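Worksheet for the structure shown next.
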Amino acid sequence: MSSCASDAGRDDDAVAERLGAATLRIDSHLHVWKPAPGQYSWLTPAHGVLYDTFTPEQARQALSVAGVSQAILVQADDTAADTEAMLHAAAANDWIVGVVGWLPLEDPAATADLLEKWTASRAFCGVRTLIHDNPRPDILELESVRKSLTLVAQAGLPFDVPDAFPRHLGQVADLARALPELTVVVDHLGKPPRGGAPESMKLWAQQLRDVASLPNTVAKVSGLHTDAAEFSTAALNKVWETALEAFGPARLMFGGDWPVSLLGASYGDTVGVLSALINSLESTDAQMVWAGTAQRTYRR
């Protein structure tokens, strides 16, 4: 990929200086995929640069140049094959410290069977489904899903919720309240509608605060690119301050969202923008966002 090659061509010392002092950095939200029949149905030529294969080797190259030493792979398809591929990648690469895989949450019996199978791998550390692509707007409220998520909680695993605003962020607080033993992870800060109507941003902020008011919730500072607004430290400052006030650094974690982030910036530039925000904190708080929250949430 040309974007990966561009990252690799950066001067390592210049990148390191821009990112600040050396510290452990764990990317809590990274994808790899190889399009195949029956998989990644959401991925089409209309997605441009994303309509390609993205390998662990490519990911490792991008992370290394940006000063990120470890990563957690996150599912990008609601299939067992996607999760199996990630577990295989984790077994072959020690820098992949965890896998957030898929489970068929609407089928508690099948969920139980796959939980038993996949938790045999130490790498399996969390669960996610593409609820934003699910036609059921009440997916998080279904009795079957709640039963499955109870099993997830009993297994000591967190549940990632992707792209929650506007359809599902309001339901996340109810889910976390109903299942206090379940750690709920809000991916991409719920997808704030940056560049949208002020009323939408106000609603997003209120719903995010409602989620953050529950102690069993955490959030990822990730996936914040949008065609509607600039991706820069200054442009993200309001979103960052809202999340920081709501969750505090001990419940926020860094995520690069590669390769999806390539739609908005190179991986190095993505890390650089987020680094300026994270490193504005005191060093102990910054380290929580860079690695500590991810280690605690995913038990790494």
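Every residue, every condition in (1) at pLDDT 95 or above; (2) open to solvent by 20 Å² or more (accessible area, probe 1.4 Å), yes or no:
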residue	(1), (2)
MET1	no, yes
VAL15	no, no
ALA22	no, yes
GLU57	yes, yes
VAL74	yes, no
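Could you list all residues from the stretch 121-173 that are of a type in the set (Gly, Ala, Ser) and either surrounded by fewer than 22 Cβ atoms within 10 Å (Cβ to Cβ) or farther than 17 Å from PRO108 by Cβ (or both)?
Within the stretch 121-173, the subset of a type in the set (Gly, Ala, Ser) is 121, 123, 126, 144, 148, 153, 155-156, 164, 170, 173.
Listed by number, the residues that qualify are SER121, ALA123, GLY126, SER144, ALA153, ALA155, GLY156, ALA164, GLY170, ALA173.
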(message) Pairs please, first residue from the stretch 189-204 and more than 20 Å from SER28 (Cβ to Cβ), second anywhere and modelled with pLDDT of 95 or more and of a type in the set (Phe, Trp, Tyr), Cβ atoms under 7 Å, 6+ apart in sequence or on different chains.
(response) PRO193/TRP204
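What are the residues in the stretch 252-270 that are out of contact with any Ser or Thr (no Cβ under 7 Å at 6 or more places or on another chain) and closer than 21 Å to ALA76 by Cα, if any? Step through it out loud before you land on a result.
Start the filter on the stretch 252-270 by keeping residues that are out of contact with any Ser or Thr (no Cβ under 7 Å at 6 or more places or on another chain), which leaves 258-260, 263-265, 268-269.
Correct list: TRP258, PRO259, VAL260, LEU263, GLY264, ALA265.
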(request) List every residue pair whose Cβ atoms lie under 9 Å apart, where the two residues are 6 or more positions apart in sequence or sit on different chains, the first residue falls within the stretch 123-141 and is closer than 14 Å to ARG167 by Cβ and assigned to a loop (DSSP other than H, G, I, E, B), and the second residue, located anywhere, is open to solvent by 10 Å² or more (accessible area, probe 1.4 Å) and among the basic types (Lys, Arg). (result) PRO137/ARG167
(message) Checking LEU142 against (1) at pLDDT 95 or above; (2) within 26 Å of GLY292 (Cα to Cα): exactly one of these is not met. Which one?
(response) (2)
(message) Suppose we filter the stretch 27-52 for residues that are in contact (Cβ under 8 Å) with a residue 60 or more places away in the chain, in a loop (DSSP other than H, G, I, E, B) and surrounded by fewer than 15 Cβ atoms within 10 Å (Cβ to Cβ); how many remain?
(response) 1
(message) Could you check the stretch 202-238 and list, in sequence order, the residues that are among the hydroxyl-bearing types (Ser, Thr, Tyr) and open to solvent by less than 30 Å² (accessible area, probe 1.4 Å)?
(response) THR217, SER222, SER232
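The values are calculated or read from the model by the stated rules, or taken from the named source; none is laboratory data. Treat the numbers as computed from the prediction; the structure is a model and nothing was measured. All Cβ positions, glycine included, derive from the backbone under ideal geometry; neighbour counts span all protein chains shown. These accessible areas exclude ligands, DNA and RNA; they are computed on the full protein's heavy atoms, side chains included. Shrake-Rupley method; radii C 1.70, N 1.55, O 1.52, S 1.80 Å.
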